[in-house]
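Down below is the structure, laid out as structure tokens.
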Amino acid sequence: MTKELFLLLNLVLAFYNVGTIWAHEIDIFRTWKLINGKTFHIVQKAHWKKLPYWVFIPVGISFIGSIILFWYHPNKISITEIGIAFASQFLSHLFTGIFWGPWQAKLSKDELGGASPYLKKILKTHWIRTALINAYGLILLYMTIQTLS
Amino acid sequence: MHFIMENHKVKKSLLLLNLGLSSIGIGQIWLVQLSAYPLWAHVGPKEFHAYHIFWWHSIWMPIFIPAGAAIVATITMFWFRPPKVSRSLIWIACIILFVTYSLTYLWWAPLMALIGATPEEVNGILHWAPYVSNMGWNNETQQQLYNLLINSHWLRVALITAYGILIFYMSILGLDVKKK
């Protein structure tokens with residue numbers, strides 16, 4: 001595989017993740033506040049069951065890809081650019097580990113369901129994760145245009 | 001010479017932008033099919049109407065804007081395409097988009113709108129999709145409509161995925177990534 005093709009595959013995966021994060025941010029999380037306590041946990045559980053294959057695996061591969069790019073990248077791309085791209089992904093995962101992950105875990109046990117303060121916190125701050133994943137995609141698009149155009 | 005170089009850059013950048021937009025589409029459509037729609041089955045009957053209306057309004061910006069931009073980018077490629085990308089490939093991409101959005105308007109949109117609709121809303125749907133009554137959809141139960149949506153929507157998933165794969169193939173051809 002050439003370095004250019006590797007970069008292109010990273011770009012595809014980055015924008016696939018942009019698509020899934022927007023679906024989460026707008027379509028999924030925001031509708032949860034409309035669900036009552038009884039149904040809430042069934043909906044949340046059903047949602048998390050689907051995530052490993054369609055969200056976690058692509059995100060994991062994309063993160064590994066962003067690390068490999070440090071060593072395997074087209075010559076026109078500077079290490080600084082790769083560092084900025086990596087930082088946006090790393091921050092997204094770090095904040096997920098510190099904030100959104102634990103809040104989701106607490107939300108899954110909260111009897112208030114859609115009225116839970118944890119859901120409010122998630123809805124108030126999840127745009128940061130959306131912005132970071134979008135930033136990663138846009139930096140990669142910039143790098144790819146720079147290299148392949 | 002400088003103009004030719006710039007023009008070449010615009011063509012390749014447009015193709016890359018389209019690749020990004022088609023990848024967004026794949027990410028969204030798979031998550032909608034595998035997570036958003038199946039969640040509807042778990043929402044209680046009392047909350048369903050408000051849930052459904054909220055969901056419908058929420059998808060306008062994240063889904064319609066990238067989808068609209070992908071249509072514009074694909075049509076623009078007829079005039080701005082890298083030399084190695086043939087016109088026939090762009091025609092195939094246009095046909096896939098045309099089939100996808102025609103079927104969305106004729107089939108999936110009325111189906112989605114009918115699920116959870118009040119009798120007044122059903123009358124409203126019959127104004128813009130009068131054939132719905134001929135198909136008997138307005139007399140189907142919510143569960144029957146939902147099953148029809150979930151099963152037939154796989155075709156839309158396949159079309160949007162096929163479009164993304166085609167744009168990726170065009171990118172490999174048009175950007176010379178195998179030879180660098």
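The values are calculated or read from the model by the stated rules, or taken from the named source; none is laboratory data. Predicted model only: the values in this text are computed from it and were never measured. Here the Cβ positions follow ideal geometry from the backbone for every residue, glycine too, while neighbour counts run over all protein chains shown.
Looking at (1) in a helix (DSSP H, G or I); (2) within 14 Å of chain A (Cβ to nearest Cβ), which one does B:Leu103 not meet, given that it meets all the others?
Failing condition for B:Leu103: (2).
Please give the number of the condition A:Asn10 fails out of (1) more than 30 Å from A:His73 (Cα to Cα); (2) more than 9 Å from every other protein chain (Cβ to nearest Cβ); (3) surrounded by 21 or more Cβ atoms within 10 Å (Cβ to Cβ).
(1)
Only helices (runs of 4 or more DSSP H) wholly contained in region B:1-81 count here; list those with 2 or more residues that are modelled with pLDDT of 85 or more and facing another protein chain (nearest Cβ under 8 Å).
Passing ranges, in order: B:2-31.
Which condition number in (1) touching a residue at least 12 places away in the same chain (Cβ under 8 Å); (2) under 21 Å from B:His153 (Cβ atoms) is the one that B:Phe80 fails?
(2)
Select from region A:46-76 the residues that are crowded, with 19+ Cβ neighbours inside 10 Å, in contact (Cβ under 8 Å) with a residue 40 or more places away in the chain and of a type in the set (A, V, I, L, M, F, W, C) and list them in ascending order.
Passing the criteria: A:Val59, A:Leu69.
Can you name every residue in region A:91-133 that is over 12 Å from A:Trp32 (Cβ atoms), in contact (Cβ under 8 Å) with a residue 40 or more places away in the chain and surrounded by 19 or more Cβ atoms within 10 Å (Cβ to Cβ)?
Of everything in region A:91-133, those that are over 12 Å from A:Trp32 (Cβ atoms), in contact (Cβ under 8 Å) with a residue 40 or more places away in the chain and surrounded by 19 or more Cβ atoms within 10 Å (Cβ to Cβ) turn out to be A:Ser92, A:Arg129, A:Leu132, A:Ile133.
What's the number of the only condition in (1) surrounded by 14 or more Cβ atoms within 10 Å (Cβ to Cβ); (2) over 26 Å from A:Thr144 (Cα atoms); (3) more than 19 Å from the chain's Cα centre (by Cα) that B:His153 fails to meet?
(3)
How about region B:147-158: which of its residues are of a type outside the set (Val, Ile, Thr) and under 15 Å from B:Gly27 (Cβ atoms)? Break it down stepwise before answering.
If we filter region B:147-158 for residues that are of a type outside the set (Val, Ile, Thr), which is where we start, we get B:147-149, B:151-156, B:158.
Passing the criteria: only B:Arg156.
Among the residues of region B:135-180, what is the count of those that are within 14 Å of another protein chain (Cβ to nearest Cβ) and in contact (Cβ under 8 Å) with a residue 60 or more places away in the chain? Spell out the reasoning first.
Just the residues of region B:135-180 that are within 14 Å of another protein chain (Cβ to nearest Cβ), to begin with: B:150, B:157, B:160-161, B:163-180.
Now restrict to residues that are in contact (Cβ under 8 Å) with a residue 60 or more places away in the chain: B:150, B:157, B:160-161, B:163-164, B:166-171, B:173-176.
Going through region B:135-180 one residue at a time, the tally reaches 16.
Right, A:Thr31: closer than 22 Å to A:Asn134 by Cα, modelled with pLDDT under 95, among the hydroxyl-bearing types (Ser, Thr, Tyr) and crowded, with 21+ Cβ neighbours inside 10 Å or not?
yes
Kindly indicate whether B:Leu159 is in contact with a helix residue (DSSP H, G or I) (Cβ under 9 Å, 6 or more places away or on another chain), under 30 Å from A:Leu148 (Cβ atoms) and part of a helix (DSSP H, G or I).
Taking the combined requirement at face value, the residue satisfies it.
Yes/no per residue for (1) closer than 19 Å to B:Phe54 by Cβ; (2) among the β-branched types (Val, Ile, Thr); (3) more than 8 Å from chain B (Cβ to nearest Cβ); (4) in contact with a helix residue (DSSP H, G or I) (Cβ under 8 Å, 6 or more places away or on another chain):
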site	(1), (2), (3), (4)
A:Trp22	yes, no, no, yes
A:Gly37	yes, no, yes, yes
A:Lys49	no, no, yes, no
A:Trp54	no, no, no, yes
A:Gly65	no, no, yes, yes
A:Leu69	no, no, yes, yes
A:Lys76	no, no, yes, yes
